[in-house]
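Readers should treat all values here as calculations from the given coordinates under stated rules, not as data from a laboratory. Note that this is a predicted model, so its numbers are computed, not measured. Neighbour counts are summed over all protein chains in view; Cβ atoms, including those assigned to glycine, are modelled from backbone coordinates with ideal geometry.
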Amino acid sequence: MKIALALPFTITTWDGEADPAPSEAGAPDLAAVRLAKTYAGPDVAATATGHAVTTRGDRGASYVAQERIVGTLHGRTGSFVLEHGASMGEGIPTELWARVVVGSGTGDFVGLTGSGLVEHELVTLQVELPDDSAG
């Protein structure tokens, strides 16, 4: 079953550890982040934990992350891994993306696929949910 999902979230943990200062003046900062989120909305009641890497400089920034979402989504229960990122900078359009990691689903999410984007406190996905008989 194909479905569009809007998954509002709140970041509950964002613990970043900066890489040592770059050896070159003006080089962007890098960091590794441990994160946690709570997803709550009409079609979702879930939590997530994961990791991100970030880059931030005077002329641009980027991140990539993976998080395991565990809970109930559209009446189904299980977990799956969501991979997402963003890139922005001087003279280029901002790029946002998200996708379900293939093969990461458990419980009712075995076989889940899809993609979309992550914006400020909202994940939107177009997903293919497994048939009710799967899982």
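Pairs please, first residue from region 10-39 and on the phi > 0 side of the Ramachandran plot, second anywhere and part of a loop (DSSP other than H, G, I, E, B), Cβ atoms under 9 Å, 6+ apart in sequence or on different chains.
Hits for this filter: G26/D58.
Tell me which residues, restricted to region 54-70, are within 15 Å of the chain's Cα centre (by Cα) and either closer than 16 Å to S104 by Cα or surrounded by fewer than 16 Cβ atoms within 10 Å (Cβ to Cβ) (or both).
V64, A65, Q66, E67, R68, I69, V70
From the list L30, L73, exactly one residue is closer than 25 Å to V100 by Cβ and over 14 Å from the mean Cα position of the chain (by Cα). Which is it?
L73
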